[in-house]
Structure formats: C-alpha cells, structure tokens
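Accompanying notes for the structure given below.
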Amino acid sequence: MDELENLATNGNIGAEYCLAVAYHEGKSVSRDRAEAVKWYLRAGQKGHLEAQYWLCIIYREGIGVESNALESLYWCRRAAKKKHPKALYALGQWYYGGYDRNMHTDYLSAYVWFSRAVIAGEVGAQDMIDLLEEQMTDLQVLEAKKIMERNLP
C-alpha cells in the first residue's frame, strides 16, 4: 500500500485511480469516501476514464460529497465523450428525468444517449429505447434516428 500511495502522490494516474478504489471500497485501508473522492478527482482531471465515470456516480449519489447534479453531469459527459458505456447510459437517464427532478426531460436526447450506450455495449439501454419508443411520437423517433446517423463514426 505504501508503494501505491507513493506512486499516486507522485502523479501516477493509474495509482491515483487504484488508491481511490481502495479508499472507496475499504480494501487494504479503512473506507474513507472523502479520501476516495480526492483521488478520483486527481485521476479524473488527468483523463482516467473509469475515474470520470465514478465521479459521475459519486456526485449524483452524494458518496463522500454533497450530491451535486451539475458536477455529476460534467463528469458523466466527460466519460461519455470517450464512449464509456455506463456513462452513456447515465446521460440517457439524466435526460429521461431519472436522476434529477429539476432537470428538463428531453426524450429525444435520452433516446440518442441510450442508442449510443447500446452501440458501446450497454445492453440494458435497449430496454430504455423500447420504453421511449412507446412514449415518443413516430416523428420524434425518426428525428432521434437521424441524429444518430449523422453522429456515427
């Protein structure tokens, strides 16, 4: 553990993430969610994809920090830009209105993010697409599919 802490303290991004996980889960150290957030932030700011995804969850759920929708969305978007399947799904949930009642529901955007999640391998996102297709008009679904076609690599 000393070696991991030394590497993390000296800026090793992988060690920062591993130390965050150790504090988050209480593995080889006492569980300390605030300390976990500190290390997730250091790794996430350097671009560590899993750290960015976990920051999305941490700020959404208020794990070791006060719940903060804007901060959660920020980290979720950063991870989603790199096609993290669970982050893509989480963004779909945000737009669907599943996380924050203060956020404007946008079925079109939710459909697009869930579709991207399916493409990235998040199988459960298909259930949300099916649900949205029942709630959206045919024109809205067509528009969402056009957006997807324009934005595919």
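On the principal axes of its alpha-carbon atoms, the chain has extents of 58, 33, 22 Å, going from largest to smallest. With contacts taken as Cα pairs under 8 Å and at least 6 residues apart, the chain reaches a relative contact order of 12 percent. Extension gain, Ser28 to Asn151: 0.36 nm times the residue separation minus the Cα-Cα distance gives 39.9 nm. This ranking places Ser115, Ser28, Ser109 by how few other beta-carbon atoms lie within 10 Å of each, fewest first, which gives Ser28, Ser109, Ser115.
Unpaired cysteine residues in the chain (no second Cys Cβ under 4.7 Å): Cys18. Between beta-carbons, use under 15 Å as the cut-off and find the net charge around Ser28, counting Lys and Arg +1, Asp and Glu -1. Taking every Cβ under 15 Å from that of Ser28, the sum is -4.
Grab the DSSP H runs of the chain that are 4 residues or longer, score each as -39,500 (n - 2.57), total them, divide by all residues and round the 222 nm result to the nearest 500 deg cm²/dmol.
Calculated mean residue ellipticity at 222 nm is -22500 deg cm²/dmol.
Put in line by how crowded their Cβ is, counting other Cβ atoms within 10 Å and starting with the fewest, Val141, Val112 read Val141, Val112. By the beta-carbon count within 10 Å of each Cβ, the least crowded to most crowded order of Glu61, Glu122, fewest first, is Glu61, Glu122.
The lysine pair count for the chain, using Cα distances under 21 Å and pairs eight or more places apart or on different chains, is 12.
Since every read-out is calculated from the coordinates, none of them should be taken as a lab result. Because the structure is predicted, anything quoted here is derived from the model rather than measured. Please note: Cβ atoms are built from the backbone with ideal geometry, for glycine as well, and neighbour counts cover all protein chains shown.
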